[in-house]
Structures are given as structure tokens and as C-alpha cells.
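The values are calculated or read from the model by the stated rules, or taken from the named source; none is laboratory data. As the structure is a computational prediction, the values presented were derived from the model and not from experiment. For neighbour counting, all protein chains shown are included, and Cβ atoms are generated from backbone atoms with ideal geometry for every residue, glycine included. The area values use the complete protein model at the heavy-atom level, side chains included, leaving out ligands, DNA and RNA. Shrake-Rupley method; radii C 1.70, N 1.55, O 1.52, S 1.80 Å.
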Amino acid sequence: MTAPTPSPLTEQLDSNITEIQVLPGFGNRLQVLFHTGEGLPTPLKGAVASVTVYGDGRISYEPIEEVTA
């Protein structure tokens with residue numbers, strides 16, 4: 001999977017993904033892990049604010065915009 005962009009993103013999941021884990025982080029951040037049944041899970045780069053997984057194999061997420069001081 002690719003790194004989140006600063007706008008909502010919907011993409012098709014790879015056919016080899018067998019499980020998706022959405023884990024809470026600090027504040028309003030979520031971490032997404034993709035399992036394939038082979039080796040370690042692959043994390044989505046960066047934290048997201050929301051995740052929607054559709055039954056037709058799509059995933060949509062809202063990346064968190066990092067604020068730099």
C-alpha cells in the first residue's frame with residue numbers, strides 16, 4: 001500500500017490481503033496493518049484519522065495532516 005495523501009483516498013485492496021487490522025494510536029490517530037498470510041503484516045505508511053473497508057474490496061482512508069511548528 002502507498003503512503004496516505006492529504007485528502008480522502010479510496011483504492012482497491014490487493015487480492016492477497018487476508019486480514020486488515022485497525023489499531024488505535026495517540027489522539028485521533030489510527031494505524032492500519034495488512035495481513036497476507038505470509039510473514040509479518042505490512043503497515044500503511046503514516047497514521048490516518050478514519051478508515052472504511054468496503055465489501056467489494058476497496059478501502060478508503062482520511063490521512064492525518066502533520067502540523068509542523
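Every residue in segment 19-33 that is of a type outside the set (A, V, I, L, M, F, W, C) and either exposed (fewer than 10 other Cβ atoms within 10 Å of the Cβ) or in contact with a Leu (Cβ under 9 Å, 6 or more places away or on another chain) (or both), please.
From segment 19-33, those of a type outside the set (A, V, I, L, M, F, W, C) are 19, 21, 24-25, 27-29, 31; that's our starting set.
Of everything in segment 19-33, those that are of a type outside the set (A, V, I, L, M, F, W, C) and either exposed (fewer than 10 other Cβ atoms within 10 Å of the Cβ) or in contact with a Leu (Cβ under 9 Å, 6 or more places away or on another chain) (or both) turn out to be E19, Q21, P24, G27, Q31.
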### Message
Can you find a residue that is in contact (Cβ under 8 Å) with a residue 40 or more places away in the chain, of a type in the set (K, R) and open to solvent by 80 Å² or more (accessible area, probe 1.4 Å) anywhere in segment 34-49?
### Response
yes
### Query
Taking interchain pairs and intrachain pairs at least six residues apart, which have beta carbon atoms under 9 angstrom, with the first residue in segment 10-33 and aromatic (F, W, Y) and the second not in a strand (DSSP E or B)?
F26/A47
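Give segment 54-69 a look and list any residue that's surrounded by fewer than 14 Cβ atoms within 10 Å (Cβ to Cβ) and within 17 Å of E11 (Cβ to Cβ), or say none. If you could, list the steps in order and put the result at the bottom.
So in segment 54-69, the residues surrounded by fewer than 14 Cβ atoms within 10 Å (Cβ to Cβ) come out as 54-58, 65-69.
Y54, G55, D56, G57, R58, listed by residue number.
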### Message
As an exercise: evaluate S15 against (1) at pLDDT 90 or above; (2) small (G, A, S); (3) under 9 Å from the mean Cα position of the chain (by Cα); (4) open to solvent by 40 Å² or more (accessible area, probe 1.4 Å) and give the number of the one condition it does not meet.
### Response
(3)
